[in-house]
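The values are calculated or read from the model by the stated rules, or taken from the named source; none is laboratory data. Remember, predicted model here, so these are calculated numbers, not experimental data. All Cβ positions, glycine included, derive from the backbone under ideal geometry; neighbour counts span all protein chains shown. The protein model used for the area step is the full one, side chains on, heavy atoms only, and it has no ligands, DNA or RNA in it. Shrake-Rupley method; radii C 1.70, N 1.55, O 1.52, S 1.80 Å.
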Amino acid sequence: MMKYAFECLLRKRNSRGILPSSLIRCIAQKKNLCSQTQTQTQRETARTVPRESVECVVIGAGVVGLAVARELALRGRQVLVLDSAPTFGTATSSRNSEVIHAGIYYPPNSLKAILCVRGREMLYKYCSEHNIPHKQIGKLIVATGASEIPKLDDLMNRGIQNGVDGLRKIEASEAKRMEPELQCVKALLSPASGIVDTHSLMLSLVGEAESHRTTFSYNSTVIGAHLEGNRIYLHVSETKHLENWNVRNLLLPELVLIPELVVNSTGLSATALANRFDGLHSGVVPSGYYARGCYFTLSNTRIRPFNHLIYPIPEDGGLGVHVTLDLDGQVRFGPDVEWIEGIDDISSFLNRFDYSVCVNRSKRFYPEIRKYYPNLKDGSLEPGYAGIRPKLSGPRQSPVDFLIQGEDAHGVPGLVNLFGIESPGLTSSLAIAEHVAARYLK
């Protein structure tokens, strides 16, 4: 009866595409979870709660998770997407620059380079075919002093090696003609760079996935897993129970899912979640770091100063405080880099990060922006929004590549971990999905 109810629910979703919380409550009651004592381990409890076999599970409904779900569904698989939030794309996917990157910054033959270049091509094509608002406006990476020119040369050479077409180094005079408000000594022009409406993109991916038998279960948190034989068993709880969880009590699952394929695409909590997979060797899970970045919007100006994306030379932990434009013409500056620590697992699962933007932080923005935009007026920056980047390298460490980890790395059949999917994750999303499906789908 329980299996029948679950399968019916997978076939017949409610109007929002959400699995009703009453299902898990009902199943939990049937199994009399209340009788379990606090001294039981999570794994022992997982043996007593309802279990259901599913074909594919994607954990995380950010842009990458949505792209993976869509790709698996298009290949004929039945997919269940779980996310702890009430809807899709509430974390990094909705708190970024919305830039389509060309593929310049990343070491040749790295996943970031390969998937960014491939993903850019796929993303422009997808946006054109599905009427997703986007625009290929181009980017200028600027050297504001003579000491930065060699770094600009390095970026150009790296971009060419990565297969980025159209790159051209230009003199200050040409850059000035293109952008009269810009100050620099040389610049690298990247015509392939652009911007995209991320929410519209995600909405389209959700629609396509749903039309190919994908089910979305929001307010559903994967709190861990364990291994039995060669299968992974996912521990699922309703998000509201985690929100009220007393840390002195054991964190117990209410439902166990047994997938043939599971993709951990939880972004900010990917490493924390993998560390809760009982039986997965801890040595295969990398250390995770969080880099917080704030954005400020330009106010008190009737005419926007720039028509291209303007980027300085990259800095430690990011690409520098740059100029981004949205499709409505609003000008934003950011993000900066602030390393944050002390985030516990549950906070990362529930996206309990500090996303506030302190107005006083603008004092750090003005001097950085004026290096390439000297006419920026005092008082013209207003707090915008903040985002968190899931990184695999910390302060003063060299950048680390995407880590797409399958059975060959950790020995668990059907488990794919996506670690460190920061920028250019948005640009690479469709290519990451293609890569995961091609390599790990059996």
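How many residues are within 16 Å of C56 (Cα to Cα) and either of a type in the set (A, V, I, L, M, F, W, C) or surrounded by fewer than 22 Cβ atoms within 10 Å (Cβ to Cβ) (or both) when one looks only at the range 389-434?
Residues meeting the conditions: 10.
Could you list, in sequence order, all residues of the range 70-94 that are buried (at least 21 other Cβ atoms within 10 Å of the Cβ) and either over 23 Å from S211 (Cβ atoms) or touching a Cys at 6+ places or on another chain (Cβ under 8 Å) (or both)? Step through it out loud before you land on a result.
Residues of the range 70-94 that are buried (at least 21 other Cβ atoms within 10 Å of the Cβ), as a first pass: 70-73, 79-84, 88-89, 91-93.
Those that are buried (at least 21 other Cβ atoms within 10 Å of the Cβ) and either over 23 Å from S211 (Cβ atoms) or touching a Cys at 6+ places or on another chain (Cβ under 8 Å) (or both): L72, V79, L80, S84, A91, T92.
Quick check, is R43 surrounded by 16 or more Cβ atoms within 10 Å (Cβ to Cβ) and either at pLDDT 95 or above or under 30 Å from H322 (Cβ atoms) (or both)?
For R43, the condition - surrounded by 16 or more Cβ atoms within 10 Å (Cβ to Cβ) and either at pLDDT 95 or above or under 30 Å from H322 (Cβ atoms) (or both) - is not met.
Is one or more of the residues making up the range 213-221 under 17 Å from V99 (Cβ atoms) and surrounded by fewer than 19 Cβ atoms within 10 Å (Cβ to Cβ)?
No.
Take the residues in the range 288-307 that are outside any loop (DSSP other than H, G, I, E, B) and either among the aromatic types (F, W, Y) or touching a Cys at 6+ places or on another chain (Cβ under 9 Å) (or both), then tell me which one is most open to solvent (accessible area, probe 1.4 Å).
Once the filter is applied, the top-ranked residue is Y289.
Counting residues that are under 26 Å from F88 (Cβ atoms) and modelled with pLDDT under 95, which helices (runs of 4 or more DSSP H) fully inside the range 308-422 reach at least 1? Spell out the reasoning first.
On the way: elements: 345-349, 362-369, 407-410.
Because the criterion is at least 1 residues that are under 26 Å from F88 (Cβ atoms) and modelled with pLDDT under 95, the helices (runs of 4 or more DSSP H) in the range 308-422 that meet it are 345-349.
Here is a list of conditions, (1) open to solvent by less than 60 Å² (accessible area, probe 1.4 Å); (2) in a helix (DSSP H, G or I); (3) modelled with pLDDT of 95 or more; (4) not aromatic (F, W, Y), and L242 meets all of them except one; can you say which number that is?
The single condition L242 does not satisfy is (3).
Please work out if L273 is in a helix (DSSP H, G or I) and open to solvent by less than 20 Å² (accessible area, probe 1.4 Å).
So L273 fits the description; yes.
Is there any pair with a first residue in the range 386-415 that is within 15 Å of V263 (Cα to Cα) and a second that is open to solvent by 40 Å² or more (accessible area, probe 1.4 Å) and part of a strand (DSSP E or B) whose Cβ atoms are under 9 Å apart and which are 6 or more apart or on different chains, and what are they?
Partner pairs satisfying both residue conditions: A409/L403; V412/R231; P413/R231; P413/E260; G414/R231; G414/E260.
Report the residue count in the range 222-234 for those that are touching a residue at least 40 places away in the same chain (Cβ under 8 Å), more than 18 Å from G267 (Cα to Cα) and not charged (D, E, K, R).
The qualifying residues number 5.
Only one of these is at pLDDT 95 or above and closer than 27 Å to S347 by Cα: E98, E121, E129, E55. Name it.
Checking each option against the conditions leaves just E98.
Just one of G334, G342, G379, G329 is surrounded by fewer than 14 Cβ atoms within 10 Å (Cβ to Cβ), within 24 Å of L182 (Cβ to Cβ), of a type outside the set (A, V, I, L, M, F, W, C) and under 25 Å from the mean Cα position of the chain (by Cα); which is it?
On the way: G334 fails: surrounded by fewer than 14 Cβ atoms within 10 Å (Cβ to Cβ); G342 fails: within 24 Å of L182 (Cβ to Cβ); G379 fails: under 25 Å from the mean Cα position of the chain (by Cα).
The unique qualifying residue is G329.
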